[in-house]
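K.L.:
After the structure tokens below, expect a handful of questions from me.
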Amino acid sequence: MKQVLALIEKKKQEFAQTPFIKFLQDKSIDPRQRLAWAPAFAPFAMSFKDFNRLILYKEPANNKLQEMINQHTNEDGRHWVWFVQDMKLMGYDYSINFTDILKFLWGKETQKVRQMAYNLFAICSFEDDILMKLTIIESIEATGNVALFEIAQVAKELQQITKQHYSYFGESHYAKETGHIQADMDHLEHFIENIQLTEAQSEKAFTLVEKVFADFTEAMNEMLVFAQKHPYDKLFTTTSSINLRCAT
Ligand SMILES: [Fe+2]
């Protein structure tokens, strides 16, 4: 897995240079606006619960890696609760027509975010090689590590304005995500690094790493566009009219 992890590290550095990350770092923009994409991320944040619990989790675990994956999903599959809490704290918990919410969550402006989730389901649902699942998890964790660090910096600024603690967007979430599979094991990174892959497995794993990063980059770019188009305090009023135009 050493080479796979090296590719993940390279992709991680590239992702840190994307316009979405630069946008998060731009202190000339109000922190509320820099996080105005948060509700549009809901299709992924909520699907991620199912991805962990329905796709990655397997009981009984008949090997060490599946045990580790199960442990990981028990942690990461619960973070949607923090997302819901933060939506409330960020002021998005007001009454909106159900049909407008449907159009918002399944609309054009969240297409890439949904696609990212669909692709993860597609790749892992019928994948028997657990090392490919490990590769996917390691790639997701690497993207999350970069993004959550930068998001937490914005949340810190937001916290100074609102005096609220943000469980999903704040530092406590970043602190939970180590950048690797979350399993209780000494020398975890060393253990993963030393897993041997065949040439065919390596080739496949490289392709999967590229795919996860490409999807994540596109999805977060979509979030950047969303935040640039929608003032944080008029989010649903503007999306509603846009969605109606795109409905057909
Ligand atoms: Fe998480």
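K.L.:
Which residue pairs have Cβ atoms under 7 Å apart, sit 6 or more places apart or on different chains, and have a first residue in the range 67-83 that is at pLDDT 95 or above and assigned to a helix (DSSP H, G or I) and a second that is within 11 Å of the ligand (Cβ to nearest atom) and of a type in the set (A, V, I, L, M, F, W, C)?
P.N.:
Partner pairs satisfying both residue conditions: W80/A45; W80/F48; F83/A45.
K.L.:
For the range 130-160, how many residues meet the condition of being touching a His at 6+ places or on another chain (Cβ under 9 Å) and among the charged types (D, E, K, R)?
P.N.:
Looking only at that region, the number is 2.
K.L.:
Scan the range 82-95 and give yes if some residue there is within 22 Å of A16 (Cβ to Cβ), within 16 Å of the ligand (Cβ to nearest atom) and crowded, with 20+ Cβ neighbours inside 10 Å, otherwise no.
P.N.:
No: the range 82-95 contains no residue that is within 22 Å of A16 (Cβ to Cβ), within 16 Å of the ligand (Cβ to nearest atom) and crowded, with 20+ Cβ neighbours inside 10 Å.
K.L.:
Based on this model, can you work out whether F121 counts as under 27 Å from L158 (Cβ atoms), in contact (Cβ under 8 Å) with a residue 60 or more places away in the chain and among the aromatic types (F, W, Y)?
P.N.:
No: the conditions fail for F121.
Residue by residue, here is whether (1) under 17 Å from F20 (Cα atoms); (2) touching a Leu at 6+ places or on another chain (Cβ under 7 Å); (3) free of Cβ contacts under 8 Å to residues at least 24 places away in the same chain holds:
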residue: L102; (1), (2), (3): no, no, yes
residue: W106; (1), (2), (3): no, no, no
residue: R114; (1), (2), (3): no, no, no
residue: L131; (1), (2), (3): no, yes, no
residue: I136; (1), (2), (3): no, yes, no
residue: V146; (1), (2), (3): yes, no, no
residue: E150; (1), (2), (3): yes, yes, no
residue: V154; (1), (2), (3): yes, yes, no
residue: Q164; (1), (2), (3): no, yes, no
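K.L.:
Residue under question is D128, and the condition is that it be surrounded by fewer than 18 Cβ atoms within 10 Å (Cβ to Cβ), at pLDDT below 95 and part of a helix (DSSP H, G or I); does it hold?
P.N.:
Judged against the criteria, D128 is not a match.
K.L.:
Tell me yes or no: at least one residue of the range 8-16 is at pLDDT 95 or above, closer than 23 Å to T207 by Cβ and not in a helix (DSSP H, G or I).
P.N.:
yes
Here is a yes/no grid of residues against (1) under 17 Å from the mean Cα position of the chain (by Cα); (2) within 22 Å of K229 (Cα to Cα):
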residue: K64; (1), (2): no, no
residue: M68; (1), (2): no, no
residue: N97; (1), (2): no, yes
residue: L105; (1), (2): yes, yes
residue: A117; (1), (2): yes, no
residue: E150; (1), (2): yes, yes
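K.L.:
Just checking, how many residues over the range 144-181 are away from the ligand (no atom under 11 Å from the Cβ), of a type in the set (S, T, N, Q) and assigned to a helix (DSSP H, G or I)?
P.N.:
Selection size over the range 144-181: 4.
K.L.:
If you go through the range 132-141 one residue at a time, how many are buried (at least 20 other Cβ atoms within 10 Å of the Cβ) and more than 13 Å from the ligand (Cβ to nearest atom)?
P.N.:
6
The values are calculated or read from the model by the stated rules, or taken from the named source; none is laboratory data. Keep in mind that this is a model prediction, so the values were computed, not measured. Note that we place each Cβ from the backbone using ideal geometry, even for glycine, and neighbour counts take in every protein chain shown.
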